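Shown next, in structure tokens, is the structure this report addresses.
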Amino acid sequence: MTTQLSDSATDSGPVTDAEFVEPPQTVIWALRDSWNEATRHLRAVPRNLDLLIFATLQPIMFVLLFRYVFGGSISVPGFSYNQYLMPGIFAQTMVFGSGFTGIGLAEDLQRGFIDRLRSLPISQSAVLVGRTVSDLLRNLLTFAVMLAVAFAIGFRFEGGLVRGIGASGLLLFFSYAFSWIQALIGLSVKSVEAANSGGFLWMFPMTFVSSAFVPTEDMPSWLAKVADANPFTVATNAARALYNGNDPGSDVWQALAWATGITVVFATLAIRRFTRTASR
């Protein structure tokens, strides 16, 4: 929480509630409040290590299972399956990681904690921005562990370090955009269980009906059209091209446009929903 004290208050002894002045609603104050809220969530991570451990083990399991179970039976022209698969696993894990945003907000609502935050003299958007930023940083940690495992089993930045960092940043931005969808879901449902189910239900078809694991050309024609129009496919193709040193064409710009549009639209809807939502 960010507050200002009047000069007289700081010179005259103890400060009473009446002497607190509501901070001005400026961009700087909103950013500061958002960072304060983000650090509050990050400080709680060491006290909930089991959640972090399981969130990290799941992508490692996907990496190993797909690499060693399907790697010998799937052939992709122009790629080793390892180089084709890993960008898809990275993209899927980043999107799945955004689900913690909705679950966390639903839990805070159920406990009445959101109402306490709304009563404080802070930017209303800071509660959601702080939550999404903290989840993005936690996703970054998960991604780093998964990337280390991928390198251990043979994945490489064939396009060079700069392109590899760019591809990773693109996927993180994409996951941040989807965390705003999850925020809206978490604020709209009536329980943590519903946030968990609703948050993951739509992500499975989106990530599997895509180019993440197999080329869309191998799908039935009608399904291939759906997969090609899927923004997840666009982001995965862009990251895969960058990781492997291929020409991404317009995929990078399309992926950035999708991520920006999703962020703007769903952040606006989530913040409006937040201002109207009461505790459950």
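Here, each number is a calculation from the coordinates, and none is a lab measurement. Note that the structure is predicted; figures quoted are calculated from it, not measured. Glycine gets a Cβ as well: all are built from the backbone with ideal geometry, and neighbour counts include every protein chain shown.
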- [ ] Would you mind putting 128-140, 206-218 in packing order, based on average other-beta-carbon counts within 10 Å, highest first?
- [x] 128-140, 206-218
Open item on the list: Taking a ≥ b ≥ c as the square roots of the Cα gyration tensor eigenvalues, with a/c under 1.5 meaning rounded and otherwise prolate when a/b beats b/c, else oblate, which class fits the stretch 4-276?
Closed with: prolate
TODO: Which order do the peptides 157-163, 182-188 take when ranked by the mean count of other beta-carbon atoms within 10 Å per residue, highest first?
DONE: 182-188, 157-163
TODO: Provide the FRET efficiency to the nearest 0.05 for the L65-N36 pair, computing r from the beta carbons and using R0 = 30 Å.
DONE: 0.15
Task: Chain lengthening between R111 and L223 when straightened (0.36 nm per residue, less Cα-Cα) - done: 36.1 nm
TODO: Please give the FRET efficiency for R276 paired with S75, using the beta carbon to beta carbon distance and R0 = 51 Å, rounded to the nearest 0.05.
DONE: 0.45
TODO: Please state the charge dipole magnitude for the stretch 4-276, taken about the Cα centre, from unit charges on C-beta atoms (+1 on K and R, -1 on D and E), reported in debye and rounded to the nearest 20.
DONE: 380 debye
